[in-house]
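Written out below as structure tokens is the structure these notes cover.
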Amino acid sequence: MSARPDIGRVLKGVLIFQLGIGALLIWGDMGRNGGGLRLPGFGPDAPELTEPVRPGDQRRTFAPTRPRPATEPARDPGDLPGQLVLTQEDGATWRLEGGVAEGDATRILDRLEELQPPPETLILQSPGGSVTDALAIGRGLRRAGIGTRMLAGEFCYSACPYILAGGATREIAEDAAVGVHQHYFGESTLLPARFAVEDIQRGQADVMDYLDEMGIDPMVMTHALSTPPDEIYVLLPEELERYGFLPEAGAEED
């Protein structure tokens, strides 16, 4: 009879522990979504995104609703839509911009298949969003032989570089901003911590497999994994070359 209270105390302790983990995850999620809540000592201390980057000084504070590069944009995008929008730029060149929302992959890839003549190049500008949709769009671009391009003063952050990586050819202006950081892969912060960690690990493995598939050095993820979600690590031109987003200087084209 005396064992039952001990079991009860153990179960109660486990429940309290899981509730505590859940509260911390919810707290962190509220901070991620602009609620302003952060654990003491763990807030971002990086400079503002508008400040230019230099070697060794490339982490900047990041808010998906206010992503602006350090240089004057090629054109003012205004307030970007919350989901990707596809518009014709000139001839076979189209523009894909806005946040990457869930379901965008199916919608955008279906639209690309409908276009005649098919696009040859997509100009990208996006603060990122759904990693799963970004990977699917990137694979679709590679299958269709569509190239990707970044213009001076424009930006491609968070999940957007995975779409950029999918281009059959890639062009990135020297003053374009390409940035990476940690991602959230979980569907719900109410999951126990163990499942949340497993979800993140599976997601990161999928991203690294994808980068290797696209000819990008997965080592670029070392910058992403060390940069919290409310900051962004802006890749320098030499890093874009090193990791395979651009051909190395002096390399002969096929």
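The values are calculated or read from the model by the stated rules, or taken from the named source; none is laboratory data. If you're wondering where the values come from, they're calculated on a predicted model, not measured in any experiment. Please note: Cβ atoms are built from the backbone with ideal geometry, for glycine as well, and neighbour counts cover all protein chains shown. Protein only, heavy atoms only, side chains kept; ligands, DNA and RNA dropped before computing areas. Shrake-Rupley method; radii C 1.70, N 1.55, O 1.52, S 1.80 Å.
Structural remarks
- In the stretch 92-156, Cα pairs under 8 Å separated by at least six residues give a relative contact order of 42 percent.
- Pairwise label distance in nanometres, D90 with A205, each label 7 Å out on the Cα-Cβ vector: 4.6
- Coupling constants for the stretch 209-222 follow from the phi torsions by the Karplus curve (6.51 cos²θ - 1.76 cosθ + 1.60, θ = phi - 60°), and in residue order they are 4, 5, 4, 4, 4, 8, x, 9, 5, x, 4, 4, 5, 4 Hz; glycine and proline get x.
- Largest-first ordering by accessible area, 1.4 Å probe, given options R60, R143, R107: R143, R107, R60
- Highest mean packing first, where packing is the average number of other Cβ atoms within 10 Å per residue, the peptides 234-247, 84-97 line up as 234-247, 84-97.
- The share of accessible area on the stretch 72-180 that comes from carbon and sulfur is 44 percent, using a 1.4 angstrom probe.
- In nm, spacing of pseudo-spin labels at E113 and M219 (7 Å Cα→C-beta vector): 3.9
- Around the amide H of I172, modelled in the peptide plane, lie the amide H atoms of M150, all under 5 Å away and 5 or more residues distant in sequence or on another chain.
- Three-way shape call for the stretch 212-251 based on the alpha-carbon gyration tensor, with the a/c threshold at 1.5: oblate
- Positive minus negative residues near I232 (Lys, Arg vs Asp, Glu; Cβ under 10 Å): 0
- Within the stretch 52-162: Cβ-based charge dipole about Cα centre, in debye rounded to nearest 20 (Lys, Arg +1; Asp, Glu -1): 440
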